[in-house]
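As structure tokens, the structure follows; a few thoughts come after it.
The values are calculated or read from the model by the stated rules, or taken from the named source; none is laboratory data. Because the structure is predicted, anything quoted here is derived from the model rather than measured. Counting neighbours? That spans all protein chains shown, and the Cβs are built from the backbone with ideal geometry, glycine included.
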Amino acid sequence: MFGHGDVGFFDRIAPLYDAFMPPASAEDLRAGLAFAHRPVERVVDLGGGTGRASRTLQEAGLDPVVFDYSAGMLRRAGEAGLPGVRADAATLPVRDGSLDAVVVTDALHHFPEPEAAIGEVARALAPGGVLVIREFDPTTRRGRALATLESVAGMDSQFFGAERLVGLLGDAGLRGHVVDPGFGYTVVGVKPTRPERGPANGDASEGTASTEERGR
């Protein structure tokens, strides 16, 4: 109903979006970025809209760039002084290995091709880089209600449970971690810094630390 990635809806509500949406959680973003095995400098806020997550990242001393398909949302980000690029999440206009981190805050379920988008992020991340996804779990009561509401509103939303999303990250070659489970959850994918080694050689793989060991 609203076109590619529900872009029509977001173009319409862009002028009012920030009045109704709370800022992105600094704690959630810090917990995810802490999984990086490299300095985090080159950051993309994918599906970043008006820059909710980007403003939080700026407060943490980072200089993110907003990537979004909605021209209306990007216009609002630009008015707030945030750099933006109109881009399809499934075909990112960046070189292989050129990013240290990508954050996707409350947006993955609107991507028309979420698996392709995750694959593109994996391509774009440098070794040791991280993909931090904040999403809503459709297996929870509130998650089911949200999914129903967006469907009734005419959106093409596709929600994933946390473990399912970890599986998609693994399919793309990223090591997935559930950082913060629940209705609103955080999942992190880490790009390996070296080829995986099997258990037969006795080497522990990098980036497989538990939630308790990293990100807190």
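Give the residues of the range 111-134 that are of a type in the set (D, E, K, R) and modelled with pLDDT of 95 or more, sorted by residue number.
First, the residues of the range 111-134 that are of a type in the set (D, E, K, R): 113, 115, 120, 123, 134.
Of everything in the range 111-134, those that are of a type in the set (D, E, K, R) and modelled with pLDDT of 95 or more turn out to be Glu115, Glu120, Arg123, Arg134.
Do you know which of the residues in the range 27-42 that are surrounded by 22 or more Cβ atoms within 10 Å (Cβ to Cβ) and of a type in the set (A, V, I, L, M) is farthest from Val132 (Cα to Cα)? It would help to see each step written out before you state the result.
At the first step, the residues of the range 27-42 found to be surrounded by 22 or more Cβ atoms within 10 Å (Cβ to Cβ) are 29, 32, 35-36.
Next, from what is left, pick out any that are of a type in the set (A, V, I, L, M): 29, 36.
On the way: Leu29: 7, Ala36: 10 Å.
Applying the filter and picking the extreme gives Ala36.
Between a residue in the range 161-187 that is on the phi > 0 side of the Ramachandran plot and any residue that is surrounded by fewer than 19 Cβ atoms within 10 Å (Cβ to Cβ) and modelled with pLDDT under 95, which pairs come within a Cβ distance under 9 Å, given they are 6 or more apart or on different chains?
Note: pairs meeting the criteria are Gly182/Thr140.
Tell me, yes or no, whether the range 136-144 has at least one residue that is over 24 Å from Glu27 (Cα atoms), acidic (Asp, Glu) and touching a Pro at 6+ places or on another chain (Cβ under 9 Å).
No, the range 136-144 has no match at all.
Taking into account only those residues within the range 183-195 that are in a loop (DSSP other than H, G, I, E, B) and in contact with a strand residue (DSSP E or B) (Cβ under 9 Å, 6 or more places away or on another chain), which is modelled with the lowest pLDDT?
Filtering the range 183-195 for residues that are in a loop (DSSP other than H, G, I, E, B) and in contact with a strand residue (DSSP E or B) (Cβ under 9 Å, 6 or more places away or on another chain), the one modelled with the lowest pLDDT comes out as Arg194.
Would you point out the residue of the range 1-38, among those that are closer than 15 Å to Ala60 by Cα and assigned to a loop (DSSP other than H, G, I, E, B), that is modelled with the lowest pLDDT?
Filtering the range 1-38 down to residues closer than 15 Å to Ala60 by Cα leaves 23-34.
So of that shortlist, the ones also assigned to a loop (DSSP other than H, G, I, E, B) come out as 23-25, 34.
Values: Pro23: 80, Ala24: 88, Ser25: 91, Ala34: 97.
Checking each candidate, the answer is Pro23.
Can you tell which of Thr140, Thr105 is of a type in the set (S, T, N, Q), within 13 Å of the chain's Cα centre (by Cα) and closer than 23 Å to Pro22 by Cβ?
Thr105
What is the number of the single condition among (1) surrounded by fewer than 24 Cβ atoms within 10 Å (Cβ to Cβ); (2) outside any loop (DSSP other than H, G, I, E, B); (3) of a type outside the set (Gly, Ala, Ser) that Val66 does not meet?
With (1) surrounded by fewer than 24 Cβ atoms within 10 Å (Cβ to Cβ); (2) outside any loop (DSSP other than H, G, I, E, B); (3) of a type outside the set (Gly, Ala, Ser) applied to Val66, the lone miss is (1).
Quick one: in the range 69-83, of everything that is closer than 20 Å to Arg12 by Cβ and either among the acidic types (Asp, Glu) or under 18 Å from the mean Cα position of the chain (by Cα) (or both), which residue is surrounded by the fewest Cβ atoms within 10 Å (Cβ to Cβ)? Walk me through it before giving the result.
Kept after step one, since they are closer than 20 Å to Arg12 by Cβ, are these residues of the range 69-83: 69-80.
From the residues that got through so far, the ones that are either among the acidic types (Asp, Glu) or under 18 Å from the mean Cα position of the chain (by Cα) (or both) too are 69-70, 73-74, 77, 79.
On the way: Tyr69: 23, Ser70: 27, Met73: 25, Leu74: 26, Ala77: 25, Glu79: 11.
Within the range 69-83, the match that is surrounded by the fewest Cβ atoms within 10 Å (Cβ to Cβ) is Glu79.
Kindly check whether there is at least one residue in the range 84-101 that is surrounded by fewer than 20 Cβ atoms within 10 Å (Cβ to Cβ), in contact (Cβ under 8 Å) with a residue 60 or more places away in the chain and in contact with a helix residue (DSSP H, G or I) (Cβ under 6 Å, 6 or more places away or on another chain).
Within the range 84-101 (the criterion being surrounded by fewer than 20 Cβ atoms within 10 Å (Cβ to Cβ), in contact (Cβ under 8 Å) with a residue 60 or more places away in the chain and in contact with a helix residue (DSSP H, G or I) (Cβ under 6 Å, 6 or more places away or on another chain)), the answer is no, since none of the residues qualifies.
Looking at Val130 and the list (1) surrounded by fewer than 19 Cβ atoms within 10 Å (Cβ to Cβ); (2) within 18 Å of Leu57 (Cβ to Cβ), which single condition is not satisfied?
(1)
Picking from Gly48, Gly61, which residue would you name as being free of Cβ contacts under 8 Å to residues at least 60 places away in the same chain, closer than 24 Å to Asp180 by Cβ and either crowded, with 19+ Cβ neighbours inside 10 Å or of a type in the set (D, E, K, R) (or both)? Walk me through how you get there before you give the answer.
Details: Gly61 fails: either crowded, with 19+ Cβ neighbours inside 10 Å or of a type in the set (D, E, K, R) (or both).
Going through Gly48, Gly61 in turn, the sole match is Gly48.
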